[in-house]
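Values quoted throughout were computed directly from the atomic coordinates according to the rules given, and no laboratory measurement underlies them. Please read these numbers as outputs of a predicted model, since none were measured by experiment. Cβ sites come from the backbone with ideal geometry, for glycine too, and all protein chains shown count toward neighbours.
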Amino acid sequence: MKDEKFILYVQTSDTPERQYSPLVLAQTAKNMDLNPTVYYMGQALKILLPGEAEKIKFGTFPSVAEMINNTLEMGIEILVCEASRQMLGWEKVDLRPGVKIVGAATLNDLALDAGATMWF
């Protein structure tokens, strides 16, 4: 059954300029009493390598690392696709603390349950 308050934000890109949107929107959704989740897959996992998000900062916005930390501190789950880790050959690579590795079927389940899904 769809949860109209659940919004799923899927990040597929490692392009620096594209990192803010799902995090800003997820934080905004949380402040609107909605239930956001951010899901990283494919090349987006590169941003979750230790030290990578710290390198990205635009304008007056905090760094992407600060945005990720704030997202997690707000209680918003950040999920990472296990199949994407395998595709990148990163089975033994540590990603930034706080993210949760999940199976590929999880994305399908989340999309079926979400009131809205946005892809970046």
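Summary of computed values
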| read-out | value |
| --- | --- |
| Where Ser84 falls short, out of the listed (1) touching a residue at least 12 places away in the same chain (Cβ under 8 Å); (2) touching a Lys or Arg at 6+ places or on another chain (Cβ under 8 Å) | (2) |
| Pair list, Cβ under 8 Å, 6 or more apart: region 1-20 residue of a type in the set (Phe, Trp, Tyr), other residue assigned to a loop (DSSP other than H, G, I, E, B) | Phe6/Leu34; Tyr9/Phe120; Tyr20/Phe58; Tyr20/Phe61 |
| Evaluation of Met67 against (1) under 16 Å from Thr117 (Cα atoms); (2) in contact with a helix residue (DSSP H, G or I) (Cβ under 9 Å, 6 or more places away or on another chain); (3) free of Cβ contacts under 8 Å to residues at least 60 places away in the same chain; (4) of a type outside the set (Phe, Trp, Tyr) (one fails), failing number | (1) |
